[in-house]
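Undergrad: Once you've had a glance at the structure underneath, I'll fire off some questions.
The values are calculated or read from the model by the stated rules, or taken from the named source; none is laboratory data. Quantities reported herein were computed from a predicted structural model and do not represent experimental measurements. Cβ placement follows ideal geometry from the backbone for every residue including glycine, while neighbour counts extend to all protein chains displayed. Surface areas here come from the heavy atoms of the whole protein model, side chains and all, with no ligands, DNA or RNA. Shrake-Rupley method; radii C 1.70, N 1.55, O 1.52, S 1.80 Å.
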Amino acid sequence: MKATHRQDRTTLSSSRIGVISPIFTLAVIFSLAVSSGTLHAAQVPVKQPLSPEILAMHARAKRPAASAPTTSLELAATTTALTSSSFNSDQGPGPGPIGPGPGCNLFPAPASIGTTVPLSYFGPPPSDTNRSLVGPVQLLDIGVVDVAHGTITIPLYLGHLKKSGKNVWYVLTDVDDPNVAAELGLNFSAKLTFASHSARTGNLDANGNVVFDAGTVNFKPERKIIPGPAGHEFPPTSATPGAIGDANYGPLVQIVNAGNVIYNAPMVAFDVDANQISFPNGNVDYTKVHDQVVAIDPVNMTVTLNLINGFSFGRPVWYLSMDTSNALGAAIEHNTLAPLMQNLLLGHDDSFASPVERIFISTNGPESGSCDNPLRQGLSADLADGLGQTTSWVESQPSRLITARIGMRSLFEWTQDAIDQGFRGQLREEFQILTFVQDKLITGPGGAAFGSSGFSINCPIVQRLD
């Protein structure tokens, strides 16, 4: 990258970092038994370094970095929501992160705004030399981020189900071993080591593809949400996800024959042949593939996925959203319902015995004016206009890079008193939210005590925008 961290969209796409430096990841998942709030030392697995032979087995899963599609795609454009009256029942991705106004677009302005010199006069951002410093960073290095449309194209994998031999089409985003992460270009997430209770099991074949022991997904259901009344769209009257996993499905898989390494490997299609899911130019059949797929090319083995706006320690990010542990969340997120994720222990935040990291979402943030409102945020706003919710992410080590994410959702609601006094706004940072809880400006949904909302979501961060 040759320009400042506040770049225009034509230059950020070249912000890939050539050398994969160690990425420090926060609490993503623990699946540890906790007795009376105490973690027994004997329950903590010890991660041994992989032998060269085992590492070589994982190296077979390496694929060339995916290239962006060369033709125009039928994208999940935000304009669809603007012109559709049925966006809450539309199949496929939600709106991309490039919205029509400041309330739906977190892309930073160029640093040359307000100066007398062009952007070319500004030096490269500090993140060019140290990824933990300020500036844009692409965290998931296996593909190309299309900054004009808010998508990423990454390698597509074809595995199989052990007993039936049925096709399992999946992607890889994160892994719990740093050497495997560096070899494959994935995000390193140390906390996935503790996720075995919520992971499927499988084995690597000779080509580096996974043979899964269990876990299927039905992609045929039609996603449908009926929102609540105007101004109180959340909670919806009803919500049906567009993809439903069986009791054995979750996005994580533990590789039994290769050091018990754990991958984040969400499924994007199941029990279909390549010719049934060949949509390299978009216009995808969502009865056969994941709703967040924008294009899928089983010939070149790539898949293009929709990205979503969020904040990480007050800084804008784009992330993937793939799987959720309950039906309501899966429907709103355009995700697969993943029942195996229900094994995660929730409510302990990022304490040592915690299985997850909190992710904060407003239920009744500002929604008037839709995307023209720079403070727009929350589930009611999303269900009112279909243009996304703008998640408030949380990390507990702001100086370090954050990648893998299976987070506990903590929904919060502005009190009527705070709304009446004009205090309601867009919240971007953990301790700002917690302080407002302490000050009784926000609560849990319906005035309940603030805390875990009882479900989790698989949503790895792809790109930090500044």
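Undergrad: Give me a count of the residues in segment 280-306 that are open to solvent by 10 Å² or more (accessible area, probe 1.4 Å) and assigned to a loop (DSSP other than H, G, I, E, B). Steps first, please.
TA: Let us first name the residues in segment 280-306 that are open to solvent by 10 Å² or more (accessible area, probe 1.4 Å), namely 280-281, 283-288, 297-302.
Within this subset, residues satisfying the condition of being assigned to a loop (DSSP other than H, G, I, E, B) are 280-281, 283-288, 298-301.
Count: 12.
Undergrad: Continuing with this model, one more query. What do you reckon, is A68 under 21 Å from V144 (Cα atoms), modelled with pLDDT of 90 or more, within 26 Å of the chain's Cα centre (by Cα) and open to solvent by less than 60 Å² (accessible area, probe 1.4 Å)? Step through it out loud before you land on a result.
TA: On the way: under 21 Å from V144 (Cα atoms): yes; modelled with pLDDT of 90 or more: no; within 26 Å of the chain's Cα centre (by Cα): yes; open to solvent by less than 60 Å² (accessible area, probe 1.4 Å): yes.
So A68 fails the test.
Undergrad: Here is a check on your reading of the model: is L344 touching a helix residue (DSSP H, G or I) at 6+ places or on another chain (Cβ under 8 Å) and either at pLDDT 90 or above or more than 23 Å from P266 (Cβ to Cβ) (or both)? Explain how you work it out, then say what you get.
TA: Values: touching a helix residue (DSSP H, G or I) at 6+ places or on another chain (Cβ under 8 Å): yes; either at pLDDT 90 or above or more than 23 Å from P266 (Cβ to Cβ) (or both): no.
No.
Undergrad: Now for a separate question. Taking L186, is it closer than 21 Å to P49 by Cα and either touching a Cys at 6+ places or on another chain (Cβ under 9 Å) or not charged (D, E, K, R) (or both)?
TA: Here the answer is yes, as L186 does meet what is asked.
Undergrad: Going by the structure shown, is G159 out of contact with any Leu (no Cβ under 8 Å at 6 or more places or on another chain), surrounded by 18 or more Cβ atoms within 10 Å (Cβ to Cβ) and not in a helix (DSSP H, G or I)? Talk me through it step by step, then tell me what you get.
TA: Numbers: out of contact with any Leu (no Cβ under 8 Å at 6 or more places or on another chain): yes; surrounded by 18 or more Cβ atoms within 10 Å (Cβ to Cβ): yes; not in a helix (DSSP H, G or I): yes.
Here the answer is yes, as G159 does meet what is asked.
Undergrad: Of all residues being open to solvent by less than 10 Å² (accessible area, probe 1.4 Å) and either in contact with a Pro (Cβ under 8 Å, 6 or more places away or on another chain) or part of a strand (DSSP E or B) (or both) in segment 201-211, which is nearest to N326 (Cα to Cα)? Just the residue, please. Walk me through how you get there before you give the answer.
TA: Restricting attention to segment 201-211, the residues satisfying the condition of being open to solvent by less than 10 Å² (accessible area, probe 1.4 Å) are 202, 208, 210.
With the extra rule that they be either in contact with a Pro (Cβ under 8 Å, 6 or more places away or on another chain) or part of a strand (DSSP E or B) (or both), the set shrinks to 202, 210.
Working: G202: 24, V210: 26 Å.
Only one residue tops the list, namely G202.
Undergrad: Being crowded, with 18+ Cβ neighbours inside 10 Å and not in a loop (DSSP other than H, G, I, E, B) is the filter here; which residues of segment 212-225 pass it?
TA: Going through segment 212-225, the residues crowded, with 18+ Cβ neighbours inside 10 Å turn out to be 212, 215-217, 219, 223, 225.
F212, V217, I225, listed by residue number.
Undergrad: Moving on. Can you name the residue in segment 121-154 that is of a type in the set (G, A, S) and more than 18 Å from the chain's Cα centre (by Cα) and is also surrounded by the fewest Cβ atoms within 10 Å (Cβ to Cβ) among such residues? Reasoning before the result, please.
TA: Our first condition is that a residue be of a type in the set (G, A, S); within segment 121-154, this holds for 123, 127, 132, 135, 143, 148, 150.
Now restrict to residues that are more than 18 Å from the chain's Cα centre (by Cα): 123, 127, 132, 135, 148.
Values: G123: 11, S127: 20, S132: 18, G135: 23, A148: 13.
Selected residue: G123.
Undergrad: I'd like the full set of residues that are open to solvent by less than 50 Å² (accessible area, probe 1.4 Å) and among the hydroxyl-bearing types (S, T, Y), limited to segment 410-446.
TA: S410, T415, T443
Undergrad: Select, from P95, P102, P118, P110, the only residue that is open to solvent by 10 Å² or more (accessible area, probe 1.4 Å), in contact with a Cys (Cβ under 9 Å, 6 or more places away or on another chain) and over 30 Å from P64 (Cα atoms).
TA: On the way: P95 fails: over 30 Å from P64 (Cα atoms); P118 fails: in contact with a Cys (Cβ under 9 Å, 6 or more places away or on another chain); P110 fails: in contact with a Cys (Cβ under 9 Å, 6 or more places away or on another chain).
Being open to solvent by 10 Å² or more (accessible area, probe 1.4 Å), in contact with a Cys (Cβ under 9 Å, 6 or more places away or on another chain) and over 30 Å from P64 (Cα atoms) holds for just one of P95, P102, P118, P110, which is P102.
Undergrad: Go through (1) modelled with pLDDT of 95 or more; (2) farther than 15 Å from A331 by Cα and name the single condition A239 misses.
TA: The one condition A239 does not meet is (2).
Undergrad: Another one. What number of residues within segment 226-260 satisfy the criterion of being open to solvent by 30 Å² or more (accessible area, probe 1.4 Å), within 26 Å of V284 (Cα to Cα) and part of a loop (DSSP other than H, G, I, E, B)?
TA: Counting residues in segment 226-260 that are open to solvent by 30 Å² or more (accessible area, probe 1.4 Å), within 26 Å of V284 (Cα to Cα) and part of a loop (DSSP other than H, G, I, E, B) gives 2.
Undergrad: Quickly run through segment 408-463 and pick out the residues that are of a type outside the set (S, T, N, Q) and closer than 18 Å to P316 by Cα. Spell out how you get there, then give the answer.
TA: We begin by selecting, within segment 408-463, every residue of a type outside the set (S, T, N, Q); these are 408-409, 411-414, 417-420, 422-425, 427-431, 433-434, 436-437, 439-442, 444-451, 454-455, 457, 459-462.
Residues satisfying the conditions are G425, L427, R428, E429, E430, F431, I433, C459, P460, I461, V462.
Undergrad: Residue check, T193 against (1) open to solvent by less than 10 Å² (accessible area, probe 1.4 Å); (2) under 25 Å from G407 (Cα atoms), all met but one. Which one?
TA: Condition (1) is where T193 drops out.
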